[in-house]
Amino acid sequence: GQSLEQPSEVTAVEGAIVQINCTYQTSGFYGLSWYQQHDGGAPTFLSYNALDGLEETGRFSSFLSRSDSYGYLLLQELQMKDSASYFCAVRDNGRRGGYQKVTFGTGTKLQVIP
Amino acid sequence: GAGVSQSPSNKVTEKGKDVELRCDPISGHTALYWYRQSLGQGLEFLIYFQGNSAPDKSGLPSDRFSAERTGGSVSTLTIQRTQQEDSAVYLCASSRDNQETQYFGPGTRLLVL
């Protein structure tokens, strides 16, 4: 089955850079996604990496190394509003094949402090 | 355009009662997912629909949980004989197909007393 590991909590200072790591174990890997969830809110999609390397979207970047089964989300110029939980999610072959199943990690709670 | 909507937004029920949770996906999205999230926890997969069929029901925790989808659109998650441990936020997501990004609804917060 699938398993994902990410830190449970991270604290960083406003204006700084923070990296949230995610390691995974799976078979039939397709790609790694990142979602943001504010307290009481719904998860919202941030990024998806199917190939090795860095994908940049504004202040957020996501990296994937398929050979290392590892990825990270990089948040630059942190703002107070970035305080939220961040979930990595692996997309792989579903149990019955032909179905790209998404499995979510347990999430990293990011606290941005002044 | 309209996103994923869920109703009710909050539900308080007594132990042993049945509840129905509704999800309206984004129009045209063929894939629909149900997840459960307990307080401060990650997203626990429950069931996946492609059209009206459910190729993956592996996440349903017990036979008290069932779901259906009609017309390739609205889905209902039913929990029978609710237990206190069923208290959680139930999230629905849809995607254009199962290879695309999932868009989440606001969730239904279920509290079983």
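The values are calculated or read from the model by the stated rules, or taken from the named source; none is laboratory data. Keep in mind that what you see is a predicted model, and the values were worked out from it rather than measured. Here Cβ is always computed from backbone atoms with ideal geometry, including for glycine, and neighbour counts include all displayed protein chains. To get the accessible areas, we keep the full protein, side chains included, count just its heavy atoms, and leave off ligands, DNA and RNA. Shrake-Rupley method; radii C 1.70, N 1.55, O 1.52, S 1.80 Å.
Overview of values
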item: Whole-number percent relative contact order across the range B:48-96, with pairs defined as alpha carbons under 8 Å at least 6 apart; result: 27
item: Taking all pairs of distinct alpha-carbon atoms in chain B, Kirkwood radius in angstrom; result: 13.9
item: Cut-off of 10 Å, at most 11 other beta carbons, DSSP loop: longest stretch of chain A lacking such trypsin sites (Lys or Arg not before Pro); result: A:1-94
item: Trypsin sites (Lys or Arg not before Pro) restricted to the range B:23-85 and DSSP loop, no more than 15 other C-beta within 10 Å; result: B:LYS57, B:ARG64, B:ARG81
item: Neighbour-limited loop hits for GluC sites (Glu not before Pro), the range B:5-75 (at most 16 other Cβ within 10 Å; DSSP other than H, G, I, E, B); result: B:GLU14
item: Assigned charges on the beta-carbon of Lys, Arg, Asp, Glu; chain B dipole about Cα centre (debye); result: 200
item: Contact order relative to length of chain A, as percent, for alpha carbon pairs under 8 angstrom and 6 or more apart; result: 36
item: Average projected area [Cα convex hull, chain A], square nanometres; result: 6.9
item: A:SER8, B:SER27, A:SER47, ranked by accessible area, largest first (probe 1.4 Å); result: B:SER27, A:SER8, A:SER47
item: Above-threshold pairs, the threshold being 32 Å between Cα atoms, out of A:LYS109/B:LYS57; A:LYS109/B:LYS11; A:LYS81/B:LYS17; B:LYS15/B:LYS57; result: A:LYS81/B:LYS17
item: Rounded to 5, percent antiparallel among DSSP beta bridges of chain A; result: 90
item: Shielding by partners, peptide B:81-94 (average Cβ within 10 angstrom, other chains); result: 1
item: P(r), alpha carbons of the range A:56-114 - 5 Å bins starting at zero, rounded %; result: 4, 15, 19, 22, 18, 11, 7, 3, 1, 0
item: Residues with amide H under 5 Å from that of B:ASP56, placed H, sequence gap 5 or more; result: B:TYR48
item: Cα-only Debye scattering, the range A:4-50: base-10 log of I(q)/I(0) at q = 0.18 Å⁻¹; result: -0.77
item: Backbone HN-Hα couplings from phi across the range B:50-61 [Karplus 6.51/-1.76/1.60, Hz, Gly and Pro as x]; result: 10, x, 8, 9, 10, x, 9, 10, 5, x, 4, x
item: Long-range amide H partners of A:LEU110 with built H, under 5 Å; result: A:VAL10, A:ALA84, A:SER85, A:TYR86
item: GluC sites (Glu not before Pro), loop per DSSP, at most 16 other Cβ atoms within 10 Å - longest free stretch of chain A; result: A:15-76
item: Net dipole in debye of the range B:34-81 [+1 Lys, Arg Cβ; -1 Asp, Glu Cβ; about Cα centre; nearest 20]; result: 120
item: Cα-Cα separations in the protein assembly as shown greater than 25 Å, expressed as whole percent; result: 41
item: For the range B:1-64, convex hull volume per residue from C-alpha positions, Å³; result: 124
item: Estimated vicinal HN-Hα couplings, Hz - the range A:21-36 in sequence order (Karplus 6.51, -1.76, 1.60; Gly, Pro = x); result: 8, 8, 10, 9, 10, 6, 10, x, 5, 10, x, 10, 10, 10, 10, 10
item: Other-chain or far-sequence residues with amide H under 5 Å of B:SER5's (modelled H); result: B:ASP24
